[in-house]
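One structure is given here, and the rest of the page talks about it.
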Amino acid sequence: MKKVRLIILIILGSFTFNSCSDWLYLEPQDGIIVQEFWKSKEDVEAAVMGCYASLLGNNQGSGYDIPQQLFLWGELRADMVTTSRLNTDFQYVVNGDILPDNRLCEWGAFYRTINYCNTVLHYAPGVQDVDPSFTTKALQHYEGEAYGLRALMYFYLVRVFDEVPLKTNATTNDGEKFAVPKSSRTEIFNLIKSDLKKAEEYAPESYGDIASNKGRLTKYAINAIQADVYLWTEQYDSALLACNKVIDGKKYSLVPGDKEWFTTLYGTGNSIESIFELQFSQDKQNPYYNIFRTRRYLVASPVAIEEYFPQDEYTLPQDADVRADGGSYKSSDNYSIWKYLGINREDLRAESESWAHFIIYRYADILLMKSEALAQLNRGQDALDLIHQIRNRAKASKISDVWGGATDKRSVNEFLLAERAREFAYEGKRWFDILRFARRNHYENKQLLIDMVLKAAPPDKQLTIKNKYEDTLSHYLPIYFGELDANPALVQNPFYETQQNF
Amino acid sequence: MKKILTCVLFLISGVILLQNPAFGQGKTLLKGKVISNSDKLGLPGASIAELDKNNRIIKGTITDVDGNYVLPVTSLDNRIQVSFVGFKQQILDINGRTHINIALNEDVTSLQGVEIVGERKINTGFMNVNDRDLAVPIEKISMKKLEDVQASTVDEALQGRISGVDIVSNSGDPGGGMSIRIRGVSTLTANSKPLIVVDNIPYETTVASDFNFATANEQGYAQMLNISVDDIKEITVLKDASATALWGTKGANGVLSITTKRGVRSRKPLVTYTYRGTFQFEPKPIPLLNGDQYSTLISEGTMNVNGIPLNTNLNKELQYDPSDPWWYYNYGQNTNWLDAISRNGFINNHDLSLTGGGSKTTYRFSVNYQGQTGVTLGTDLQRITSRLNLDYNISNKLRLRADMSYAHGKTNSNFDRYIRAKAIQKMPNMAIYEYDASGNPTPNYFSPSSNIQGYYYYNDEKHMGTYNPVAMAEYGMYQTMNDRVDTKFSLYYNILPGLTFASDVAFTVNDFKRNYFLPQKATGRPWTDITVNMARDNDEDNYTIYTNNRLTYHKIFNKVHDLTATVNFQTNDYRGLVYNVQTGNSASSSLTDPSNPARINEPGTDMYSTTTQNRDDGLLGLVNYIFKDRYIFAAGVRREGNSRFDKKYRFGYFPSLSGAWRISGEPFMQRFTFLDDFRLKFSYGQNGHSPRYPYLFFNNYSTFNWTYLGNKAIYPADMELQNLKWESFTTKDFGLTLEMFKSRLMIDLDFYQNSTHDMFGNNVPIASSSGYSNVTMNVGSMDVQGWDFSFRSYPVRTGDLTVSFDFNIARNYNILRSVADNFPLERGRTTTNGDYKRIIQVGNPIGSFYGYKYLGVFSNENDIIARDADGNKIFDPNGNPVKMVYNYPSINYQFQPGDAKYADINHDGNINYLDVVYLGDANPDFTGGFGSSVTYKAFSFNFFFYGRYGNEIINRTKMNTENMFNYNNQTTATLKRWKNPGDVTDMPRALIGYGYNWLGSDRFVEDGSFLRLKYITFTYRIPSRYLDKFGIKQARISTTLNNLLTFTNYLGQDPEISINSSDGTIYTVGYDDSTTPRTKEVTLNLSVTF
């Protein structure tokens, strides 16, 4: 009987053994959990680097990644690219048939980066409590970068969609309400401006090495964004001020327009001219090689090339505009978009070396933004001088040196716009430039935009497209259909309301 | 053989003897001699053991060469047991004697091959309950019924056999598995596969949650059911929550409980050898265009877009210029690509088993080899499995069991699983082998780096670019090696009369090694391309430790109260490890392993490892009470803990209750003597699902695959899911069982309803402004309801002739009851060619799809004019006829003659979302099967039909081969396409990359009902009078024809498609993308028992 009791005891023991909850608590072994993270300044730095790294590609989720969207949003609706191989999404845009199911309308990647920034802003201050070596200054540097990046992301979103949801807190658990409605354009710009203000205050002037100064947001990069933002909100004094801050900093200058111009500025990257550029590397290559070369979805539009880089029969090839053939595009490579494909003016990169950087702001942009602000402030001659500074550097053709007079604001504007097309060809600026010029002063120049779109449109689509673009709401992309499904608080851009059902 | 066995027993008894410390210290010596009764000669090596009153062996010895023995016994009141292989065992009381001579009789009854079981019993996992005392829906099938059927796997053999169990094969490729569903799908996103239990141990088919492989669908884990069909004794299907109470949430989708064959006591060893040889051949494939017809189609389709002919200077593939021999010959062929990669398949299966047992020990050992050559070039399979089941009865109170099995498999698949689809698409004017510049054939495969169809690239398993299919089949490698070891140790102890303790410990190691290699020859890509010499090595190791302890009490009080009570505790600990390396562009095609120097860390290469661990435990209390053999009650409650939940929801409580009333046992029913059993059953139970992925309740941070400025970059990878709780469901089942005429007619009928609450939505899209695009959450509730009916009968059962007839049918349908606010209810876009709108509505079944109604083709300009409801032409204010447009104003495509004509439901002249109508439902109304077997003397004949009725299939194969939209090859049906105004046809014009000719419409929707003759078998059992002189006890020869006949209106390749929900969405409907059609098979089966 003793034995029996013993056995029963063993059995009962085995029942209770393990039944405690601890046995069922398993932590993941592959990653880090939030409870273990945010313990040192190194953690904060890694998280800030995560914000930047997310600009280079999709780490989670699908759809077009940020570098693709930056290019496509800036170029696809404008006149300088054309489709080459069949890609339905691109083709619909070129035909003017933008529907809410076009993946061009996905904004997820931008909000992902915004959330990373929000997460840094949420947790970084607390790290000071556990890591005594984490100084307030260091914290502010990181916060400045997060604010700046968040502002940049919203700046893209507001220009592309006009009204978007505003999310300024980090998403950490499923307890919160995800369905956030759209905020007005003014609210978004207010956030952008206040974020930039903090960023300007916090961000350092230098991180100590060239690559970081180009690849991370410095105070000057923040000023560059500010200048762009103020031009968009038609606050030209502030824009001028922001530009002057960069110029007066004397950290940047134009890369001379010689034989090495392409190699320095685009081939190698991180030049003296560059203010903020996406640091692709052997580690993370850009998506452009695939789109422009391997798949050849998009090529330079020959019509646009003819217009912006007219052939000057009296100029020797070596004296031609450096931005023309071999600079922005390569005619001998079937008009491929050369800025991301060439290692120099002649040679193609190997596919395994497709890490050309994507330049978001560079010094030339500061000069031309300043010129734009001056033109609006009725300082036409100053504006023209700056444009010519850029033109002279690039050895621009005389044929394209067309402007009415310093007091003819409209002509200066158009000259500036054309110069920006040449200077920033395929740098993801064109559509935003056109839209900014067109919508200025209550859409004073709407025709400018319509003309440009029509130039690139297929003949049988001309009429439809013209009618569409008359409605200024059509200048913004629709909200992606999946987004509307997932977020009942959203309201579609009214222009696309009728097209929402499909 | 006898000698070997003697040795084995010798060793075993030796071990036991050594372990007995009392050995040799007995006070009394018992002596004697063991002889054979027939020849009176001494038996050397016979074992003599002293048994106590519990039949436990206390001491033992064996006889010497002359059969003499000496056994020191502890008590002369005990008994001795004398046994020898091939002889009947004897047990004698010692009765105070010290000298006993024993004569053993030869055992002749062991010729009987099958154990005769008095009462049908069912193994529900925790106790063997008499079939007739069950209150829960359970069904079983004995493998005896299936022994002649050619089936590589258990699931294949079961197909259509059991009501409410829908088994459909995923594809015809070797190792391509089956999708099994018991009573439909009651969950949207959690795993809906039933639990497979082998000898009371869950057969883990978990794969590590490696994201690349999570998408690999069920085909990926198909090979895992590596149990030889010959080893299986019977399979029980537990259908509802009260039946599966023991298995808890693992068994939430039903349980397939497999019992393997075991040894039989006191039996001479029986050796059985079975051979199956199967010849597989493919049915006629869909007829495709030849090279010339293809080229015409492409040129025409290009011209139709904008009137500009195809530029053949840029696309020389279609130039056909004899002065340019390289192009002319390489692109001037009429190749049938599908034929070129197809062949006849062959399966060899050898099975050898050894069964027997002594008085204390029984054993069954088996080894099985299967070799298979697939019908697609480059596919084959080799598998060897072996199993040893050992039972040792220490005493009447204590019993041990040890089961071991090992399986090793090697499967060669095509590098691209969709190679057959690629072969169908491949341009037929291209040559298989390259012609040189002067037009002479060479022996090299023609693999251009790119052509008009594109080039080879890799997106994911499903999306690869185009290539020469023959070269790919030949050179592309995808090899899977699988090793699986299952060991199980069990102990049974009768503590007191009626009180039993049982304990199981099981260990499973399941390893996979997958090797991929893609040499340049397979794709023709330039040498610098990352896909050239791509090598991938994926190593997956899964370890599971499972324990189960249970205490059962059973007693009958006063002969009328039959009480059983069980307490059960299970634990399960799983760990999965995955290592993956993928490199590209190594120096040579002979360096097939990624360990060789090659490019890594760039797009197209990959390197990662993951570790996953899950634990769960379950504590179950269960009471079963039978009063007067008429009223049956069972009630239980299970507490289950799972490591995939946070503290708040870690434990789930799942009660179950069932009852039955045996009406036939009531006194007033006694006059119906033909009734053996008539029972009404009711059961109610709750169960749940745990989430598909672990660690969801953590806010995880991950490291980017790339650095930024050389710095490590980290991001929050997900959010903490605080609110995720068990997906729970309640099942109710009412049934009746009827058994009449001495078991000659058996009927089971069950009605059931499963209500699922807090359904998991996996990857439910959320507002991406949160920074995440989707999240796992509990999204809604759903009901699955239906009925199962099965009918088994023996219309004739006389001495020589037995006829049986079985029939089963089931219906089940699901209804969505509620859904979370932000759960998107629609999928699919009616603006995109080829897409169907899938809408789910509360109160309606899931699986409905919508699209346009196809009316044929606009024959001429007049046809295009819009008409009102009365058929009158519509005119605009200026008096001009209004022409039909597509999707005004956003697309505003003007229909042209030759375009597809869709029904303008609202007669507004505009084909858009308002013209979308309901097209069908992917759920079958009925599934079932029927079969019969006739045995007359030595002959038997056996067939089985199964089918589905009432589901609609989207024939995507047809869509892709008739859309004339891209450069893919098309079927000959496109030859009747519209070409000139006035042509009247139902096949639109070719229009490459343009137009809306293949919008989701009823043109591609077909009725998927079918009835298939799954197999038909003829068997001849060779009478023993012919066999005796060869020393053979039994021999059987049979032939089986599989998939011989299919009755269907479906025009596609094969209506048997699996509705795959592996993408974890609710929107899945039945697409037919058939790659390898179901093969027809002829099997020769030979079985010999010695």
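List the DSSP H helices in chain A whose Cα atoms stretch 24 Å or more along the helix axis and whose mean Kyte-Doolittle hydropathy is at least -1.0.
A:108-130, A:136-161, A:185-202
Could you order the peptides B:961-970, A:113-122, A:29-38 from most to least packed, using the average number of other C-beta atoms within 10 Å per residue?
Listed from highest to lowest mean packing, they are A:113-122, B:961-970, A:29-38.
Largest first, please: the extent of the C-alpha atoms of chain A along each principal axis, to the nearest Å.
115, 54, 45
What does the average come to when, for each residue of peptide B:823-831, you count the partner chain Cβ atoms lying within 10 Å of its Cβ?
Mean partner-chain Cβ count within 10 Å for B:823-831: 3.
Which cross-chain or sequence-distant (5 or more) residues have an amide H under 5 Å from the amide H of A:GLU273, H modelled 1.01 Å from N in plane?
Sorted by chain and number, the residues that satisfy this are A:SER253, A:VAL255.
Could you compute the net charge surrounding B:VAL819? Neighbours are other residues with a C-beta less than 15 Å from the C-beta of B:VAL819; K and R count +1, D and E count -1.
Within the 15 Å Cβ shell, the charges total -3.
Using alpha carbons only, how many angstrom separate the centre of region B:387-422 from the centre of region B:687-728?
Comparing the Cα centres of region B:387-422 and region B:687-728, I get a distance of 34 Å.
Between the alpha-carbon centers of region B:743-820 and region B:245-262, tell me the distance in whole angstrom.
Comparing the Cα centres of region B:743-820 and region B:245-262, I get a distance of 16 Å.
How much FRET efficiency would the formula 1/(1 + (r/R0)^6) give for B:PHE1047 and B:ALA340, where r is the Cβ-Cβ distance and R0 is 25 Å, rounded to 0.05?
About 0.20, to the nearest 0.05.
Between B:TRP326 and A:GLN35, what is the label-to-label distance in nm when each label sits 7 Å out along the Cα-to-Cβ direction?
6.6
Between B:SER438 and B:LEU41, with labels modelled 7 Å along Cα→Cβ, what's the label distance in nm to one decimal, could you check?
8.4
Over all residues in A:174-181, what is the mean tally of Cβ atoms on other chains that come within 10 Å of each residue's Cβ?
6
How much mean residue ellipticity at 222 nm does the protein assembly as shown get from its helices, if each DSSP H run of length 4 or more adds -39500 (n - 2.57) and you divide by all residues, to the nearest 500 deg cm²/dmol?
-6000 deg cm²/dmol
If we count every other residue with Cβ under 15 angstrom of B:ASP93's Cβ, Lys/Arg +1 and Asp/Glu -1, where does the sum land?
Net local charge, B:ASP93 excluded: 0.
For A:LYS197 and A:LYS250, calculate 0.36 nm times their separation in residues minus their Cα-Cα distance, and state this gained length in nm to one decimal.
17.0 nm
Restricting attention to region A:398-467, which chymotrypsin sites (Phe, Trp or Tyr not before Pro) occupy a DSSP loop and are surrounded by at most 15 other Cβ atoms within 10 Å?
none
Cross-link list A:LYS137/A:LYS429; A:LYS429/A:LYS466; B:LYS426/B:LYS513; B:LYS681/B:LYS742; B:LYS233/B:LYS1080: which exceed 25 angstrom alpha carbon to alpha carbon?
The pairs that break the limit, which is 25 Å between Cα atoms, are A:LYS137/A:LYS429; B:LYS426/B:LYS513; B:LYS233/B:LYS1080.
Please work out the FRET efficiency for the pair A:ILE210 and B:ASP821, using the Cβ-Cβ distance as r and a Förster radius of 45 Å; give the result to the nearest 0.05.
Taking R0 as 45 Å, the efficiency between A:ILE210 and B:ASP821 is 0.30.
Could you check the spin-label model distance between B:PHE751 and A:GLN128? Points 7 Å from the Cα along Cα→Cβ, value in nm.
About 7.0 nm, to one decimal.
How much net charge surrounds B:ALA502 when only the other residues with a Cβ under 11 Å from the Cβ of B:ALA502 are counted, with Lys and Arg +1 and Asp and Glu -1?
Local charge sum for B:ALA502: +2.
FYI, it's all coordinate maths here, none of it is from the lab. Small disclaimer: the values here were computed from a predicted structure and weren't measured. Neighbour counts are summed over all protein chains in view; Cβ atoms, including those assigned to glycine, are modelled from backbone coordinates with ideal geometry.
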